[in-house]
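Notes follow the structure.
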Amino acid sequence: MNTQQFATPKHASPVVQTLATLVAVVAMLALGAKPATAAAQAQVQGQPDTTFGGGTLEVGKDVAPGTYQTQVPANSFGCYWARLSDLSGDFDAILANANLESGDMATVTINAGDVGFESSRCGTWKPSGQVGPANPAATMGGGTWIVSEDIKPGSYRTTVPSDSTGCYWARLSDLSGGLNSILANDNIEPGDRVTVTVGSGDKGFTSNRCGTWEMAGQ
């Protein structure tokens, strides 16, 4: 299909220039022109992002509520995130937070009632289901994994690496990162072996510095 180009006279008045611009926009819409990217379209429509990087973002304006994941980059020296009740920067504004190491799976649910979300050195956050395994896996490393989406429910074992500063694990009822979401947890010493049963009703499983977990019998 041939497209007609609309040129504005060099010495046209502001009114003429404005009319020419409007005609050009209408012509593009009539020809089915679309924004170059989904992000550009969201920006034009004023929609909050569902893919985002670091910084402090306003929930509902800069970022949409939902569950997000990121694989912490290998060159990161530590990922930090926090859900916020306001944007004051005060310690009391932190609803929940976490520190993760390079290579860990970071997962968090940003609630509609949250005012802000902060993260640094975590990489690019995307909606859950776009970052983890295509099918539930029987092995996992550090971080927070979604049960029945990222990992299979069942019993997992690991031997804590000798160079670990201490292994921590927790079974979770939700992915908000809050203390009330912890169903059970434990701290394990370097070199120790541990087995944990992740229930099918659990929402998530998180661990730090524990090595690689493998499902028993695999």
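The values are calculated or read from the model by the stated rules, or taken from the named source; none is laboratory data. Computed from a prediction, not measured in an experiment: that's the story for all the values here. Glycine also receives a Cβ, built like all others from the backbone with ideal geometry; neighbour counts cover every protein chain displayed. These accessible areas exclude ligands, DNA and RNA; they are computed on the full protein's heavy atoms, side chains included. Shrake-Rupley method; radii C 1.70, N 1.55, O 1.52, S 1.80 Å.
Some notes on this structure:
- Residue check for Ser148: under 21 Å from Gly204 (Cα atoms) and touching a Pro at 6+ places or on another chain (Cβ under 9 Å): yes
- Any chance Asp163 is part of a strand (DSSP E or B), open to solvent by 60 Å² or more (accessible area, probe 1.4 Å) and not hydroxyl-bearing (Ser, Thr, Tyr): no
- Filter pass, Glu58 being among the acidic types (Asp, Glu) and under 25 Å from Ile151 (Cα atoms): no
- Test for Leu172: is it open to solvent by 50 Å² or more (accessible area, probe 1.4 Å) and either over 13 Å from Gly204 (Cα atoms) or in contact with a helix residue (DSSP H, G or I) (Cβ under 7 Å, 6 or more places away or on another chain) (or both): no
- Subset of the range 71-87 (residues that are in contact with a Ser or Thr (Cβ under 6 Å, 6 or more places away or on another chain), closer than 20 Å to Gln130 by Cα and open to solvent by less than 50 Å² (accessible area, probe 1.4 Å)): Val72, Trp81
- Test for Val115: is it touching a strand residue (DSSP E or B) at 6+ places or on another chain (Cβ under 9 Å), open to solvent by less than 50 Å² (accessible area, probe 1.4 Å) and of a type outside the set (Phe, Trp, Tyr): no
- Criterion (among the hydroxyl-bearing types (Ser, Thr, Tyr), surrounded by 21 or more Cβ atoms within 10 Å (Cβ to Cβ), touching a residue at least 60 places away in the same chain (Cβ under 8 Å) and not in a loop (DSSP other than H, G, I, E, B)) met by exactly one of Thr206, Thr158: Thr206
- Meets criteria (open to solvent by less than 70 Å² (accessible area, probe 1.4 Å) and under 22 Å from the mean Cα position of the chain (by Cα)) for Ile146: yes
- Condition check for Gly177: within 21 Å of Ser76 (Cβ to Cβ), in a loop (DSSP other than H, G, I, E, B) and open to solvent by 30 Å² or more (accessible area, probe 1.4 Å): yes
- Flag for Ser176 being touching a residue at least 60 places away in the same chain (Cβ under 8 Å) and hydroxyl-bearing (Ser, Thr, Tyr): yes
- Put simply, of Ala170, Ala137, Ala112, Ala106 the only residue that is in contact (Cβ under 8 Å) with a residue 40 or more places away in the chain and either on the phi > 0 side of the Ramachandran plot or among the small types (Gly, Ala, Ser) (or both) is Ala112.
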